[in-house]
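Chemist: What follows is a structure written as structure tokens; I'll ask about it next.
The values are calculated or read from the model by the stated rules, or taken from the named source; none is laboratory data. This one's a predicted model, so the numbers in the text were calculated from it and none came from an experiment. Here Cβ is always computed from backbone atoms with ideal geometry, including for glycine, and neighbour counts include all displayed protein chains. Surface areas here come from the heavy atoms of the whole protein model, side chains and all, with no ligands, DNA or RNA. Shrake-Rupley method; radii C 1.70, N 1.55, O 1.52, S 1.80 Å.
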Amino acid sequence: VGTIFLSMSAQQLCQVIRDKYSMGRLPILYIQQQTLIDINDAVNDHINDFIVEPFQQQALLQKLRSLVMLKRSVDDTVRARLDFLQSQMDPHFIFNTMGTIMPLCIQQPYKAYEVLGYFSDYLRASLFSRELQQPIALRQELDLIEAYLQIEKVRFGDKISYEMLVDCDDSHQILPLIIEPIVENCVKHGIKGDSVLRI
């Protein structure tokens, strides 16, 4: 298909697919003629499996079943990871934030606009972060924390005081959602009476 319709070699077509999809999200079965048994590394790096012509129908079906199972497994893993991320977010925080924004819409529309911006940043960073095992720039985690604390400062006013001292550049990376839950626990368990919580 790639050679005939897209003026691409199979290798180029596989490369284009791999630029957009991982081997698990979109498996590739490579079918080749008997005379081309040696698959070069450039192709091999982009395909999940291959089959050589002529082949038995049963062999093709078995390879296809394996690739479909791989795709389902990856989809299930991604879904489980998203469920985990969503379960980390305190639903009370979401409802409290919405409850904070609602009166601001009437009393202080510009403040409501600002808080909605922080809330949007927070949701985007916490719900749609990349894979949990894939490092992110420390700056991204700090931006998430900043959004969270700004929202809580609107809710609690002067009861929260915070300072962020960062002694590193954007090249430093950490796993996502490592620091933010600690800060969230500080707020959840640290506000007592009229005393000021200093983070």
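Chemist: List, please: which pairs have Cβ atoms under 6 Å, are six or more places apart or on different chains, and start with a residue in region 162-190 that is closer than 19 Å to Glu152 by Cβ and end with one that is assigned to a loop (DSSP other than H, G, I, E, B) and modelled with pLDDT of 85 or more?
Modeler: Tyr162/Ile199; Cys186/Ile199
Chemist: Please state which one of Ile191, Ile136, Ile199 is over 25 Å from Val78 (Cβ atoms) and modelled with pLDDT under 90.
Modeler: Ile191
Chemist: Another question about this same structure. Would you pick out the residues in region 63-115 that are farther than 30 Å from Ile31 by Cα, in a helix (DSSP H, G or I) and at pLDDT below 80?
Modeler: Pass one, region 63-115, residues farther than 30 Å from Ile31 by Cα: 79-115.
Restricting the remaining residues to those that are in a helix (DSSP H, G or I) gives 79-88, 91-107, 109-115.
If the condition is that a residue be farther than 30 Å from Ile31 by Cα, in a helix (DSSP H, G or I) and at pLDDT below 80, then Arg79, Ala80, Arg81, Leu82, Asp83, Phe84, Leu85, Gln86, Ser87, Gln88, Pro91, His92 are the ones that fit.
Chemist: Looking only at region 15-33, which residues are over 26 Å from Arg79 (Cβ atoms), surrounded by 15 or more Cβ atoms within 10 Å (Cβ to Cβ) and within 24 Å of the chain's Cα centre (by Cα)?
Modeler: Gln15
Chemist: Give the residue that is modelled with the highest pLDDT, with candidates limited to residues of region 24-42 that are among the β-branched types (Val, Ile, Thr) and touching a strand residue (DSSP E or B) at 6+ places or on another chain (Cβ under 7 Å).
Modeler: Start the filter on region 24-42 by keeping residues that are among the β-branched types (Val, Ile, Thr), which leaves 28, 31, 35, 37, 39.
This time we only want the ones that are touching a strand residue (DSSP E or B) at 6+ places or on another chain (Cβ under 7 Å), so: 31, 37, 39.
On the way: Ile31: 78, Ile37: 56, Ile39: 66.
Applying the filter and picking the extreme gives Ile31.
Chemist: Further, regarding this structure: If I filter region 164-199 down to residues being touching a Lys or Arg at 6+ places or on another chain (Cβ under 8 Å) and more than 21 Å from His92 (Cα to Cα), which single residue comes out as least open to solvent (accessible area, probe 1.4 Å)? Steps first, answer last, please.
Modeler: In the first step, residues of region 164-199 are kept if they are touching a Lys or Arg at 6+ places or on another chain (Cβ under 8 Å); the result is 170, 176, 191, 194-197.
Now drop any that are not more than 21 Å from His92 (Cα to Cα), which leaves 170, 176, 194-196.
Details: Asp170: 107, Pro176: 9, Asp194: 141, Ser195: 62, Val196: 63 Å².
Top of the filtered list is Pro176.
Chemist: Residue check, Ser73 against (1) open to solvent by less than 70 Å² (accessible area, probe 1.4 Å); (2) polar (S, T, N, Q); (3) within 16 Å of Cys14 (Cβ to Cβ), all met but one. Which one?
Modeler: (3)
Chemist: Is it the case that Gln150 is open to solvent by 80 Å² or more (accessible area, probe 1.4 Å), at pLDDT 85 or above and not aliphatic (A, V, I, L, M)?
Modeler: No: the conditions fail for Gln150.
Chemist: Moving to a separate point now. Out of (1) open to solvent by less than 60 Å² (accessible area, probe 1.4 Å); (2) in contact (Cβ under 8 Å) with a residue 24 or more places away in the chain; (3) more than 26 Å from Arg25 (Cβ to Cβ), the odd one out for Ser126 is which?
Modeler: (3)
Chemist: Shifting gears a bit: Have a look at Ile151, Ile136 and point out the one that is touching a Pro at 6+ places or on another chain (Cβ under 7 Å) and in contact (Cβ under 8 Å) with a residue 24 or more places away in the chain.
Modeler: Being touching a Pro at 6+ places or on another chain (Cβ under 7 Å) and in contact (Cβ under 8 Å) with a residue 24 or more places away in the chain holds for just one of Ile151, Ile136, which is Ile136.
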